[in-house]
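Below: one structure, written as structure tokens.
The values are calculated or read from the model by the stated rules, or taken from the named source; none is laboratory data. Remember, it's a predicted structure, so these values are computed and weren't measured experimentally. Using ideal geometry, Cβ is built from the backbone for each residue, glycine included, and neighbour counts are taken over all protein chains shown. When the accessible area is computed, the model is the full protein with side chains, heavy atoms only, and any ligands, DNA or RNA have been set aside. Shrake-Rupley method; radii C 1.70, N 1.55, O 1.52, S 1.80 Å.
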Amino acid sequence: MPTSADVLWFKQQFQAQIEPALAGTPLSVDMIVALACQETGHIWPVLRKKGMSVPRILALCVGDTIDANASGGGRRAFPQTKSALIEKPNGEAMFDIARQALVDMAKHVNGYAGAVAKPNKFCHGFGLFQLDLQFFLQDPQYFLQKRYERFDQTLGKCVAELKNALRKLDLQQ
């Protein structure tokens, strides 16, 4: 869980980019920070304390390795398994990226060794705000070009999702 020092670091790094992205919305910087803490708060604080650069931290903010299981539990959204991913156009390339992302992140963050030991495991969440791989079908280039590694891109996806939710709830300003 991120500490107050981690939250301060996050705001120092990204607040100047967050504020203009929220203009005209009821959303706040603190809400965006809270989302980052919820989604990848077990990753970026560890990496920043290791002295990694911001671009490297952003590249390693990946996770969610839950697959579907034979009993019907686990993941329900696409892709439920490696085979479901690789059967799609560019799926093999996406698997390679998602698998390597898991391997790279697990070198620095405890708790992923078990997933790395299974060769069919791969990440399903990408970027500080964990855009789910189910969106690979709608926007494959976001994942294939690793746009999630750029703060403006991961923030853009996050804010777009939040604005869509505000519209659905009739809460936009």
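With the requirement that a residue be open to solvent by less than 60 Å² (accessible area, probe 1.4 Å), out of contact with any strand residue (DSSP E or B) (no Cβ under 9 Å at 6 or more places or on another chain), assigned to a loop (DSSP other than H, G, I, E, B) and in contact (Cβ under 8 Å) with a residue 60 or more places away in the chain, what does the stretch 25-52 give you?
T25, L27
Test V7 against the criterion of being within 24 Å of L133 (Cα to Cα) and among the β-branched types (V, I, T), and give yes or no. Don't jump to the end; show me each part of the working.
Numbers: within 24 Å of L133 (Cα to Cα): no; among the β-branched types (V, I, T): yes.
In short, no.
So is L155 part of a helix (DSSP H, G or I), touching a residue at least 12 places away in the same chain (Cβ under 8 Å), touching a helix residue (DSSP H, G or I) at 6+ places or on another chain (Cβ under 6 Å) and surrounded by 19 or more Cβ atoms within 10 Å (Cβ to Cβ) or not? First the steps, then the outcome.
Values: part of a helix (DSSP H, G or I): yes; touching a residue at least 12 places away in the same chain (Cβ under 8 Å): yes; touching a helix residue (DSSP H, G or I) at 6+ places or on another chain (Cβ under 6 Å): yes; surrounded by 19 or more Cβ atoms within 10 Å (Cβ to Cβ): yes.
So L155 passes the test.
Out of the residues in the stretch 53-106 meeting the condition of being among the β-branched types (V, I, T) and part of a loop (DSSP other than H, G, I, E, B), tell me which one is nearest to L155 (Cα to Cα). Even if it seems obvious, please write down each step before you answer.
Step one: filter the stretch 53-106 for residues among the β-branched types (V, I, T), giving 54, 57, 62, 65-66, 81, 86, 97, 103.
Narrowing further to those that are part of a loop (DSSP other than H, G, I, E, B): 65-66, 81.
Numbers: T65: 22, I66: 24, T81: 27 Å.
In this case the residue turns out to be T65.
State the number of residues belonging to the stretch 75-119 that are open to solvent by less than 40 Å² (accessible area, probe 1.4 Å), among the small types (G, A, S) and modelled with pLDDT under 95.
Of the residues in the stretch 75-119, 3 are open to solvent by less than 40 Å² (accessible area, probe 1.4 Å), among the small types (G, A, S) and modelled with pLDDT under 95.
Under the condition of being hydroxyl-bearing (S, T, Y) and at pLDDT 95 or above, which residue from the stretch 1-49 is nearest to L169 (Cα to Cα)?
Of the stretch 1-49, the ones hydroxyl-bearing (S, T, Y) are 3-4, 25, 28, 40.
Add one more test, that the residue is at pLDDT 95 or above, and what stays is 3-4, 28, 40.
On the way: T3: 32, S4: 32, S28: 17, T40: 26 Å.
Ranking the qualifying residues of the stretch 1-49, first place goes to S28.
If you take the residues of the stretch 61-74 that are in contact with a Ser or Thr (Cβ under 9 Å, 6 or more places away or on another chain) and either at pLDDT 95 or above or of a type in the set (A, V, I, L, M, F, W, C) (or both), which of them is most open to solvent (accessible area, probe 1.4 Å)?
Filtering the stretch 61-74 down to residues in contact with a Ser or Thr (Cβ under 9 Å, 6 or more places away or on another chain) leaves 61-63, 67-68.
If we keep only those that are either at pLDDT 95 or above or of a type in the set (A, V, I, L, M, F, W, C) (or both) as well, we get 61-62, 68.
Details: C61: 0, V62: 0, A68: 33 Å².
Among residues in the stretch 61-74 that are in contact with a Ser or Thr (Cβ under 9 Å, 6 or more places away or on another chain) and either at pLDDT 95 or above or of a type in the set (A, V, I, L, M, F, W, C) (or both), the one most open to solvent (accessible area, probe 1.4 Å) is A68.
Take the residues in the stretch 120-152 that are within 23 Å of P26 (Cβ to Cβ) and open to solvent by 20 Å² or more (accessible area, probe 1.4 Å); name whichever of them is farthest from the chain's Cα centre (by Cα).
Once the filter is applied, the top-ranked residue is D152.
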